[in-house]
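Okay, structure first, notes after.
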Amino acid sequence: MNKPTSPLKVLVVDDQPLIVEELCEFLGSNGYCCVPCHSGKQAIARFNQDLGIGLVLCDLHMPGIDGIELIKELQRLSGKHRAFEAIMLTGRADKQDVIKALRAGFADYYQKPVDLDELLIGLQRQEVALQEQQKSLQLGHLNQKLQYLCESLDELYQDLDKVRRGPQWSDSAEGDVSDSDRMKIPAIFNQLSPRQLSVAQLVGKGQTNYQIACELGITENTVKLYVSQVLRLTHMHNRTQLALALSPSNSGLRQRVTAH
């Protein structure tokens, strides 16, 4: 048997073991790793366990869970985060059954006894279609992440704009820091903007990103960006070091941080 060359595994489902064995042997010799199943119930379990399965060869008429019911269940399990393509195999090509199967989600069908070479071409065609689907899913996930990032950056720019237009160290409801508060912290923190310093002080109080976001009226992603900026500007390595530097009981540490 040749070494698999396709990154996708093929779920082969038929209640006749000899057909499953023949299909798996043929596809295995043509670069596909196959997962053999002899019932719809077994196929559902294997599909759940193995995220590498992307192609499904399925008999239409099987006892228990038939091919159409199986594909509908696999679609339910996949949701919007996993894609697969299915090819139907049938020994009784009733027109209405075929139409029903295609409407249910089968991409193609082949009459038994199957011409294996034709089946291989069809499987390769569905593999290309599936790869395009997977690219679309990945792009969708990346677009979501970019949207969150853009929203966070937009909030940061809005805060920066407020600082530029207002007094440099004004005391406001936006979470800015008063002059008296600034006198109580190490000098190295004087380079921070009012919002950055507000975030730093809340970190110093032991608040989580979620708690800080609620108190300042910003998103958790924005809080993470602020914390990263504060750590970079103050040359600190983590939140614990930042919290210790702002703790009233660590004046010695403050002197070292200031001297840094």
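Worth a mention:
- Residue among 125, 103, 46 that alone is among the charged types (D, E, K, R), under 26 Å from residue 27 (Cα atoms) and at pLDDT below 95: 125
- Sole residue being modelled with pLDDT under 95 and in contact with a strand residue (DSSP E or B) (Cβ under 9 Å, 6 or more places away or on another chain), chosen from 60, 27: 60
- Some residue of segment 66-80 being without any contact (Cβ under 8 Å) to a residue 40 or more places away in the chain, out of contact with any helix residue (DSSP H, G or I) (no Cβ under 7 Å at 6 or more places or on another chain), of a type in the set (Lys, Arg) and farther than 24 Å from residue 133 by Cβ: no
- Looking only at residues in segment 68-115 that are within 23 Å of the chain's Cα centre (by Cα) and crowded, with 20+ Cβ neighbours inside 10 Å, the one that is nearest to residue 52 (Cα to Cα) is 84.
- Of the candidates 99, 87, the single residue that is closer than 16 Å to residue 58 by Cα and not in a helix (DSSP H, G or I) is 87.
- Residue among 65, 19, 44 that is surrounded by 15 or more Cβ atoms within 10 Å (Cβ to Cβ), farther than 25 Å from residue 115 by Cα and over 29 Å from the mean Cα position of the chain (by Cα): 65
- Counting the residues of segment 44-84 that are closer than 19 Å to residue 108 by Cα and either outside the structural domain of residue 99 (by TED's automatic domain parsing) or part of a helix (DSSP H, G or I) (or both) gives 9.
- Verdict on residue 13 being among the β-branched types (Val, Ile, Thr) and out of contact with any Ser or Thr (no Cβ under 9 Å at 6 or more places or on another chain): no
- Residue pairs meeting the criteria (Cβ under 9 Å; at least 6 apart or on separate chains; first within 23 Å of residue 73 (Cα to Cα), in segment 96-121; second loosely packed, with under 15 Cβ neighbours inside 10 Å and aromatic (Phe, Trp, Tyr)): none
- Every listed requirement among (1) over 22 Å from the mean Cα position of the chain (by Cα); (2) in contact (Cβ under 8 Å) with a residue 60 or more places away in the chain is met by residue 54 save one, (1).
The values are calculated or read from the model by the stated rules, or taken from the named source; none is laboratory data. Quick caveat, the model's predicted, so the values are computed rather than measured. For neighbour counting, all protein chains shown are included, and Cβ atoms are generated from backbone atoms with ideal geometry for every residue, glycine included.
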